[in-house]
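S.K.: Could you have a look at this structure, given as C-alpha cells, before my questions?
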Amino acid sequence: MLLESFIPQLPTTSIDIAVYVCAYIGIVLLVYATFIEKEHRQDIVRALGAAGMFVYAVHIQNLIFSIAMAAVTCAALIEFIEIMLGLHKNSPEQLQQYKSRWRIKKK
C-alpha cells in the first residue's frame with residue numbers, strides 16, 4: 001500500500017483522520033519551533049506542536065508519551081506567559097556572556 005510505511009493501518013473514521021492530522025501538524029510545528037528566532041513565538045509554536053502530539057498520545061493510549069507532551073506544552077505555555085508578563089528577561093550582559101562562551105577562538 002502507498003502509505004503503509006508511515007501509517008500501518010490507514011484511518012477509517014473521521015476522528016482517526018483528525019487525530020493523525022493533529023499528530024502530523026504537531027510534528028511539523030515542533031520542528032519549526034527550533035528555527036524561530038523570537039522567543040515568544042517559539043514558545044507558542046512549541047506549545048501548539050506538543051498539544052497536537054498530546055492528542056495523538058492520548059489516542060494511542062501511551063501514558064509516558066502523554067505525560068511528556070503535556071509537560072512540554074505546560075513548560076512552553078509558562079515561559080510564554082512569563083515573557084508576556086515581563087517576568088522572563090535576558091539582560092544584554094547575559095546575552096554577551098552566552099555569545100562569548102560559544103565563540104571558537106582561532107589559533
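S.K.: Compare the peptides 61-73, 38-50 by average per-residue count of other Cβ atoms within 10 angstrom and give them in order, highest first. Could the numbers behind the result be given before it?
M.R.: Working: 61-73: 14.3, 38-50: 19.1.
Top to bottom by mean Cβ count within 10 Å: 38-50, 61-73.
S.K.: Figure the gain on full extension for ALA70 and THR13 (residue separation times 0.36 nm, minus the Cα-Cα span) and round it to one decimal in nm. Walk me through the intermediate numbers first.
M.R.: Details: separation 57, 0.36 × 57 = 20.52 nm, distance 2.53 nm.
Roughly 18.0 nm would be gained on extension.
S.K.: Here is a follow-up. In whole Hz, what ³J(HN,Hα) sequence does the range 48-60 give by Karplus (6.51, -1.76, 1.60; θ = phi - 60°), x for Gly and Pro?
M.R.: Here the 3J(HN,Hα) series is 5, x, 5, 5, x, 6, 5, 4, 5, 5, 5, 5, 8 Hz.
S.K.: When the Karplus curve 6.51 cos²θ - 1.76 cosθ + 1.60 is applied with θ = phi - 60°, which whole-Hz ³J(HN,Hα) does each residue of the range 67-81 get, with x for Gly and Pro?
M.R.: Ordered by residue, 3J(HN,Hα) equals 5, 4, 6, 5, 5, 5, 4, 5, 5, 5, 5, 5, 5, 4, 5 Hz.
Readers should treat all values here as calculations from the given coordinates under stated rules, not as data from a laboratory. Since the model is a prediction, treat every value here as computed from it, not as a measurement. When we count neighbours, we look across all protein chains shown, and the Cβ atoms used for this are built from the backbone with ideal geometry, even at glycine.
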